[in-house]
Amino acid sequence: MPTNTDLTLVWESNNASGCQGINIPGEPSFPVTGALAPNDSAPVVSNIDPNEEDKYEIICYSGSAQSASKNAFIETVDGPRLTPNPRVIEEGDEVDLHWEITSGEECTLSGAGQTWTINALVDTEGDILDIVLEATTVFTLSCPLAGDTTANVEVVPKGYET
């Protein structure tokens, strides 16, 4: 999952008088929302913000004794990167897109009426070259786990002086 993204942990408990969430190691507890009554099996949700690789534990109690606990390992990944070169072109000129994906998944790159599939299990970075543009274009790199990023290429009229 992308870094600095809210995470929702969902679990069910039966016959618990209460539950507590712990971020291990040494991090403060995170809140467990919702009241748990005996025989309650409704899902309980807590939103937390993981950083890098974290381990979370949910501990439920029956009375004053711990009755069950479960661990969840959360590994975060950097979001994808997309860099156009150059960022400003004249209409009809070409742009190259450089992408980097560290999440090891299949992603899609779209823009200018085209879509490319990128297999980041095989390559973690690469280029799509020689894309001819007639108008300012937003390219979007979308990865199911790592998230989305966009890059804008401004297209100016031929002979335009900056």
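Numerical summary
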read-out	value
Segment 92-115: number of residues that are surrounded by fewer than 21 Cβ atoms within 10 Å (Cβ to Cβ), in contact (Cβ under 8 Å) with a residue 12 or more places away in the chain and out of contact with any Phe, Trp or Tyr (no Cβ under 9 Å at 6 or more places or on another chain)	11
Residue in segment 117-132 that is farthest from the chain's Cα centre (by Cα), counting only those that are closer than 27 Å to Pro157 by Cα and surrounded by 11 or more Cβ atoms within 10 Å (Cβ to Cβ)	Val132
Asp54 acidic (Asp, Glu), modelled with pLDDT of 80 or more and outside any loop (DSSP other than H, G, I, E, B)	no
Unique match (being among the small types (Gly, Ala, Ser), in contact with a Pro (Cβ under 7 Å, 6 or more places away or on another chain) and either at positive phi or modelled with pLDDT under 90 (or both)) among Gly147, Gly92	Gly147
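Yes or no, residue by residue, for (1) surrounded by 11 or more Cβ atoms within 10 Å (Cβ to Cβ); (2) touching a helix residue (DSSP H, G or I) at 6+ places or on another chain (Cβ under 7 Å); (3) of a type outside the set (S, T, N, Q); (4) within 14 Å of Trp99 (Cβ to Cβ):
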position	(1), (2), (3), (4)
Glu134	no, no, yes, no
Thr137	yes, no, no, no
Pro144	yes, no, yes, no
Glu154	yes, no, yes, no
Lys158	no, no, yes, no
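The values are calculated or read from the model by the stated rules, or taken from the named source; none is laboratory data. It should be emphasised that the depicted structure is a prediction, and the values quoted were computed from it without experimental measurement. Here Cβ is always computed from backbone atoms with ideal geometry, including for glycine, and neighbour counts include all displayed protein chains.
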